[in-house]
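These notes are about the structure you will find just below.
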Amino acid sequence: MAGGVNAAIVPCLKCAGAAHRTSEGQENDYYQCGECGFEFGIDWSYDGSPQTPCYPISEQDTIERREMAARVFGDVLAKNTSPHEQLIEKYRDVITRALPNHEAASELLKPEVIARFSDEELQKAIKRFTRLADAEAELKKMQDEALERISAKVMEEVQKTLDGFKDEL
C-alpha cells in the first residue's frame, strides 16, 4: 500500500471532496471522488506515505484547492460543485460585478467572511447585489446616452459656428 493507512481517503483534486482509494500499488494509489466521481492517481514515492490523515481538510484548504482546480479544469468544476459552493460562486461573481474597484468588495470576498453566510443569506445578498449591479448598469447606459446627445448638440453648434464663419468669408 503506497500511501498507507493515512491515505485511504484524500481530498479530490477536482472538487476537494472525499476521494476513496480504489486500488493500491507499490508507489501509486488510485482514487475516486465520492462527490464528483473524478478518478486520479497519486505517486507516493516522492515524499513517502503521509504521517497524518489526508482527509478531512480545513475549509480554507478546500477553498484554495477548488480555486486551483477551477484554473486547471475550468467550467467543468462548476458542474460538479455542491449547491452551497455554487451559491458562493454566484455571490463572488455578483459582488465583483456590483462593486468593481471598490474596497468593500475585497472585504466581502474574504473566505472567512463568506464562510459565515448561510445559503439563505447568500441568496439574499445575491439578489440585493444583482439589483445594485443592474441599477448601476442602467445608470451607466443613461449617462452614455446623455453624453452622446450632448456631444451631438455640441457638434451641431460647432458646425453652425463654422458655417457662419464660412458665410462671413
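The values are calculated or read from the model by the stated rules, or taken from the named source; none is laboratory data. Everything numeric here is computed off the predicted structure, so don't read it as measured data. Here Cβ is always computed from backbone atoms with ideal geometry, including for glycine, and neighbour counts include all displayed protein chains.
Remarks
- Picking from residues in the range 1-32 that are surrounded by 17 or more Cβ atoms within 10 Å (Cβ to Cβ) and among the charged types (D, E, K, R), the one that is nearest to E64 (Cα to Cα) is K14.
- Condition met for T81 (exposed (fewer than 12 other Cβ atoms within 10 Å of the Cβ), among the hydroxyl-bearing types (S, T, Y) and either assigned to a loop (DSSP other than H, G, I, E, B) or modelled with pLDDT under 85 (or both)): no
- Residue within the range 150-164 that is under 30 Å from A105 (Cβ atoms), at pLDDT 90 or above and either more than 21 Å from the chain's Cα centre (by Cα) or not in a helix (DSSP H, G or I) (or both) present: no
- Taking first residues from the range 86-97 that are in the same structural domain as E120 (by TED's automatic domain parsing) and partners that are surrounded by 20 or more Cβ atoms within 10 Å (Cβ to Cβ) and part of a helix (DSSP H, G or I), the Cβ contacts under 9 Å between residues at least 6 apart in sequence or on separate chains come to Y91/F129; V94/F129; I95/F129; R97/F129.
- Sub-9 Å Cβ pairs linking a first residue in the range 137-166 that is not assigned by TED's automatic domain parsing to the domain that holds T96 and acidic (D, E) to a second residue that is surrounded by fewer than 10 Cβ atoms within 10 Å (Cβ to Cβ) and assigned to a helix (DSSP H, G or I), at least 6 apart or interchain, number zero.
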